[in-house]
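All of the numbers you see were taken from the coordinates with simple rules; none came from a lab. All values derive from a computational prediction rather than experimental measurement. Positions of Cβ are backbone-derived with ideal geometry, glycine not excepted, and every protein chain shown enters the neighbour counts.
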Amino acid sequence: MADNKKKNLPPEQQQYQDFQEKREVKRPILKNCIKAFLIGGLICFIGQIISTFYIYQFQFTEQTVGNPTTATLIFITMLLTGFGVYDRIGQFAGAGSAVPVSGFGNAVISAAIEHRTEGFILGVGGNMLKLAGPVIVYGVFSAFVVALIKTILIQWGGF
């Protein structure tokens with residue numbers, strides 16, 4: 001199908017497309033996938049270690065350990081982003097570093113760092129949730145819709 005589109009192009013554009021295809025950098029997709037998988041898995045493994053620590057050290061249950069673990073992972077990610085370490089991890093791992101919790105922490109702090117020259121209120125405070133704010137709103141709204149559907153199904157005797 002791409003060849004059909006090429007045949008319909010004027011000669012100059014066809015020449016340019018050929019030139020572009022020859023010069024295009026080939027990405028090592030398999031290598032990138034493996035790195036993303038390993039780093040994403042490592043982040044999840046660290047989260048599991050933190051959960052286990054909270055369960056045995058502070059007597060959390062498996063049902064209640066999720067919130068402190070999530071908060072700890074976000075805090076660690078924010079610290080690493082502030083010191084510039086998480087950016088290097090992201091360059092190496094790509095999508096693997098965007099595991100939802102750590103990606104959220106990175107997005108919040110990156111926006112704050114970027115606008116710190118504008119002051120703490122208008123710069124950091126105003127822009128901190130610019131990217132993460134819609135994620136929070138969408139998450140809360142989605143949770144509301146799912147809970148509403150579940151409540152309706154339970155009232156009708158479904159589950």
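When the chain is treated as a GNM with alpha-carbon contacts under 10 Å, the residue of 92, 141, 37 showing the greatest mean-square fluctuation is 141.
Kindly provide the helix-only [θ] at 222 nm of the chain, computed as the sum of -39,500 (n - 2.57) over DSSP H runs of four or more divided by all residues, to the nearest 500 deg cm²/dmol? Before the final figure, lay out the partial values.
Values: 7 runs with 114 residues, N = 159.
Only helices count here, giving -24000 deg cm²/dmol.
Using a Gaussian network model of the chain whose springs link C-alpha atoms within less than 10 Å, name the residue from 89, 149, 109 with the highest mean-square fluctuation. Highest fluctuation of the listed residues: 149. What does the charge count near residue 107 come to, summing +1 for each Lys or Arg and -1 for each Asp or Glu among other residues with Cβ under 14 Å from its Cβ? Summing Lys and Arg as +1 and Asp and Glu as -1 gives -1.
Take every Cα-Cα pair in the stretch 16-159 and report what % of them are more than 24 Å apart.
Working: 5513 of 10296 pairs.
That fraction is 54 percent.
Relative to the longest principal axis of the Cα atoms of the chain, the long axis of helix 66-82 makes an angle of roughly 50 degrees. Applying 1/(1 + (r/R0)^6) with r as the Cβ-Cβ distance of residue 21 and residue 91 and R0 = 25 angstrom yields a FRET efficiency of 0.40.
Using a Gaussian network model of the chain in which every pair of alpha carbons under 10 angstrom is joined by a spring, one finds that among 94, 47, 126 the greatest mean-square fluctuation is at 126.
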